[in-house]
Amino acid sequence: MKLASLKGGRDGRLVVVSRDLERMISADPIAPTLQAALDRWPDTEPHLEALSQALNAGPMEGQQPFDQAACASPLPRAFQWADGSAYVNHVELVRKARGAEIPESFWTDPLMYQGGSDAFIGPRDPIPLESDDWGIDFEAEVTVITGDVPMGVSVAAAAKHIRLFMLVNDVSLRGLIPPELAKGFGFFQSKPSSAFSPVAVTPDELGKAWDDGKVHLPLLSFLNGEPFGKPEAGLDMTFDFATLIAHAAKTRPLGAGAIVGSGTVSNKLDDGPGKPIAEGGVGYSCIAERRMIETILDGQPAASFMTFGDRVRIEMLDAEGASIFGAIDQIIEKYEPGN
């Protein structure tokens, strides 16, 4: 089943989307918003699934063409957005580029930060920022939406609480990160609003690609129309989604609609740093990782962060080459503060 939220009101208007992303039908008789559906998932899921099956079987009365540009993020705002760092290779490169060793605990205890979740950006909306001197970067990731997760849930039980999958562009302002981390209190200004894929999908839509708590498909990113990354999301993922959910719920319950992210998808190459796609590698899911490797190899970075007018596209295709989630496709736009 594929679900989306059309723009309209703070929480959007829930629609069921056909598997080929061509058609949609309103889910309002079942649930007006995705959050409302998640709050009553045992009741709403069977009806939404039945509507999905009918839509995929052929034309339906009341169906409309599906326009990804008309979408908000599937959850335009959420009660919880917790982003992990499941690809320790990425973290290791960050440390190595500045001459620091990675603590051994990073391989056994996930990193996670609590992001701003009150104002997500639509998947085709511009990324508004005041300055391009802040080191604007994208981060391509896979995320899950959970149902109600009890505090202290075990890793073994955590996966059953996954309701939906999405992609995310976890926008980062690299120039603002060092002074924030130096305060010892984590990210805030350096993590502006994120954007999620047009469509959220149930686990069965991933088929065999959803296995061992991981999504085994390449995550594609493009910068200004050029291929930038295609790492395999199930490879080099130190902590699977069940582990991330259990980590987030260790001391607090997670409410229905909580979003948990994988962190920047990152692959090694022959047990070493990755390479750009043009050089035979799978590239990267953020500019910072490319700059880290350039620093390690050449003593200084060559790639530039994004500036106004730059465009990023993030997408995942199934084994037949069809888009699963639709595409995040955004341009960096100058923001003029109001009153």
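Comparing GLU232, GLU139, GLU49 in a Gaussian network model of the chain (Cα springs below 10 Å), the most mobile by mean-square fluctuation is GLU49. Against the chain, whose longest principal axis comes from its Cα atoms, helix 88-97 is set at around 30 degrees. Taking the Cβ of LYS334 as the centre, find all other residues whose Cβ is under 11 Å away and add up their charges (Lys, Arg: +1; Asp, Glu: -1). Net local charge, LYS334 excluded: -4. Whole-Hz Karplus values for the stretch 198-204 come out as x, 10, 10, 10, 6, x, 5 Hz, taken residue by residue from phi with 6.51 cos²θ - 1.76 cosθ + 1.60 and θ = phi - 60°; glycine and proline positions read x.
Rounded to the nearest 0.05, what FRET efficiency do HIS216 and TYR113 give with R0 = 22 Å and r taken as the Cβ-Cβ distance? Could you check?
Taking R0 as 22 Å, the efficiency between HIS216 and TYR113 is 0.30.
Applying 1/(1 + (r/R0)^6) with R0 = 22 Å to the Cβ-Cβ distance of SER26 and GLU49 gives a FRET efficiency near 0.90.
Taking every DSSP beta bridge that has both ends in the chain, the antiparallel portion is near 90%. Sorting HIS90, HIS247 by solvent-accessible area of protein heavy atoms yields HIS247, HIS90, largest first, with a 1.4 Å probe. Residues whose amide H falls under 5 Å from that of GLY135, counting only those 5 or more places apart or on a different chain, are GLY175, with hydrogens built in the peptide plane. For the chain, modelled as a GNM whose springs connect Cα atoms under 10 angstrom apart, the maximal fluctuation among ALA278, ALA27, ALA69 occurs at ALA278. Think of the chain as having a plus end and a minus end, set by charges on the Cβ of Lys, Arg, Asp and Glu; of LEU38, GLY58, MET24, LEU38 sits farthest toward the positive end of this dipole. Against the criterion of solvent-accessible heavy-atom surface with a 1.4 angstrom probe, ASP83, ASP318 sort, most first, into ASP318, ASP83. Of the solvent-accessible surface of the chain, computed with a 1.4 Å probe and all protein chains present, 51% belongs to carbon and sulfur. Would you mind classifying the stretch 223-272 by shape? Square roots of the alpha carbon gyration tensor eigenvalues, ordered a ≥ b ≥ c; an a/c under 1.5 is rounded, otherwise it is prolate if a/b is larger than b/c and oblate if not. Note, shape of the stretch 223-272 comes out oblate. For the stretch 188-339, the per residue solvent-accessible surface stands at 43 Å², with DNA, RNA and ligands left out and a 1.4 Å probe.
Only Cα pairs within less than 10 Å get springs; with that Gaussian network setup on the chain, which residue of VAL260, VAL199, VAL94 has the largest fluctuation? Largest GNM mean-square fluctuation: VAL94. Using the alpha-carbon atoms, what tilt in degrees (0 to 90, nearest 10) does helix 41-57 show relative to the longest principal axis of the chain? Helix 41-57 sits roughly 80 degrees off the main axis of the chain. Between ALA302 and ASP67, what length comes free when the chain is fully extended (0.36 nm per residue of separation minus the Cα-Cα distance, one decimal in nm)? Using 0.36 nm per residue and subtracting the Cα-Cα distance, I get 80.9 nm. The magnitude of the dipole of the chain, with charges of +1 and -1 set on the Cβ of Lys/Arg and Asp/Glu and taken from the Cα centre, is near 500 debye. Quick check on the stretch 176-269: take the gyration tensor over C-alpha atoms, sort the square-rooted eigenvalues as a ≥ b ≥ c, and tell me if it's rounded (a/c under 1.5), prolate or oblate. Cα axes put the stretch 176-269 in the oblate bin. Which angle between 0 and 90 degrees, to the nearest 10, do you get for helix 287-298 versus the longest principal axis of the chain when only C-alpha atoms count? Helix 287-298 and the main axis of the chain meet at about 20 degrees. Can you show me the helix-derived [θ] at 222 nm for the chain, built from DSSP H runs with n ≥ 4 at -39,500 (n - 2.57) apiece and divided by the number of residues, rounded to the nearest 500. It lands at -5000 deg cm²/dmol. Compared with the direct C-alpha span, the chain from ALA182 to ASP270 gains 28.3 nm at full extension, assuming 0.36 nm per residue.
Tell me whether the chain comes out rounded, prolate or oblate; compute the Cα gyration tensor, take square roots of the eigenvalues as a ≥ b ≥ c, and use a/c under 1.5 as the rounded threshold. Because a/c hits 1.5 or more and a/b exceeds b/c, the chain counts as prolate. The count of lysine pairs in the chain whose Cα atoms are under 26 Å apart, excluding pairs fewer than 8 places apart on the same chain, comes to 29.
Counting Lys +1, Arg +1, Asp -1, Glu -1, what net charge surrounds LEU223 among other residues with beta carbon under 9 Å of its beta carbon?
Neighbourhood net charge equals 0.
The values are calculated or read from the model by the stated rules, or taken from the named source; none is laboratory data. Computed from a predicted model, the values in this text were never measured in an experiment. Reconstructed Cβ throughout: ideal geometry from the backbone, glycine too, with neighbour counts over all protein chains shown. Each accessible area value is taken on the protein alone, full model and side chains, heavy atoms only, with ligands, DNA and RNA left out. Shrake-Rupley method; radii C 1.70, N 1.55, O 1.52, S 1.80 Å.
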